[in-house]
Amino acid sequence: MAETNLSQIVELKKKTLSELETKYEELFPGQKVPSNNKVFLWRKLAYRLQELESGGISAETQNKIKELIQKYDPINNLLLRPNNIKPITSNVSQLKDRRLPIPGSIITKNYKGKEIQVKVLENGFEYNGNIYKSLSNVACAITGQHWNGYLFFRM
């Protein structure tokens with residue numbers, strides 16, 4: 001990054017919210033200021049200054065990113081689901097938590113020096129050959145204490 005851009009970014013950090021909003025309108029013409037959070041605006045402006053200097057992400061790279069998301073996104077991409085699993089209907093989607101990966105995925109966690117692997121099933125979880133209804137039940141079986149499963153597995 002050029003010295004001028006680095007000094008501009010450092011100077012932005014010292015500006016007031018109204019000054020950052022003015023700079024935002026200058027760097028993003030015709031766009032409404034997205035937030036009144038000073039840190040958010042500073043980061044957005046710093047990124048934009050670097051983008052203007054280096055040219056940003058090329059269209060080819062952006063297309064490659066979109067292609068990889070379509071191909072490898074394990075949560076949202078129905079192409080990765082086995083053929084026998086139907087797409088989630090609106091009634092079922094309200095029951096399934098979005099934090100969970102697709103069935104067949106393995107959730108791993110290191111706990112007290114031991115690697116724990118839990119397989120996500122269509123209607124539960126498998127750990128050490130046992131089927132559990134929820135991640136909280138799995139966490140309880142591992143620790144012997146009640147845990148929120150999403151917190152325990154950091155999901």
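The values are calculated or read from the model by the stated rules, or taken from the named source; none is laboratory data. Predicted, not measured: the structure shown is a model, and the values here were computed from it. Glycine also receives a Cβ, built like all others from the backbone with ideal geometry; neighbour counts cover every protein chain displayed.
Things to note:
- Flag if Arg154 is at pLDDT 85 or above and basic (Lys, Arg): yes
- Residues located in region 101-155, provided they are in a strand (DSSP E or B) and of a type in the set (A, V, I, L, M): Ile106, Ile107, Ile116, Val118, Val120, Leu121, Ile131
- Of all residues in region 109-155, those satisfying the criterion of being surrounded by 11 or more Cβ atoms within 10 Å (Cβ to Cβ), free of Cβ contacts under 8 Å to residues at least 12 places away in the same chain and closer than 24 Å to Tyr72 by Cα are Gln117, Gly124, Glu126.
- Per-region count, region 25-72, residues touching a helix residue (DSSP H, G or I) at 6+ places or on another chain (Cβ under 8 Å) and acidic (Asp, Glu): 1
- Given (1) modelled with pLDDT under 90; (2) touching a strand residue (DSSP E or B) at 6+ places or on another chain (Cβ under 7 Å), index of the condition Pro87 fails: (2)
- Which numbered condition Asn63 fails, given (1) modelled with pLDDT of 80 or more; (2) among the polar types (S, T, N, Q); (3) outside any helix (DSSP H, G or I): (3)
- Selection within region 108-155 - under 26 Å from the mean Cα position of the chain (by Cα) and among the small types (Gly, Ala, Ser): Gly124, Ser134, Ser136, Ala139, Gly149
The rows are residues; the columns are (1) surrounded by 11 or more Cβ atoms within 10 Å (Cβ to Cβ); (2) within 28 Å of the chain's Cα centre (by Cα).
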residue: Asn5; (1), (2): yes, no
residue: Lys15; (1), (2): yes, no
residue: Glu19; (1), (2): yes, no
residue: Glu26; (1), (2): no, no
residue: Gly30; (1), (2): no, no
residue: Phe40; (1), (2): yes, yes
residue: Arg48; (1), (2): yes, yes
residue: Ser58; (1), (2): no, yes
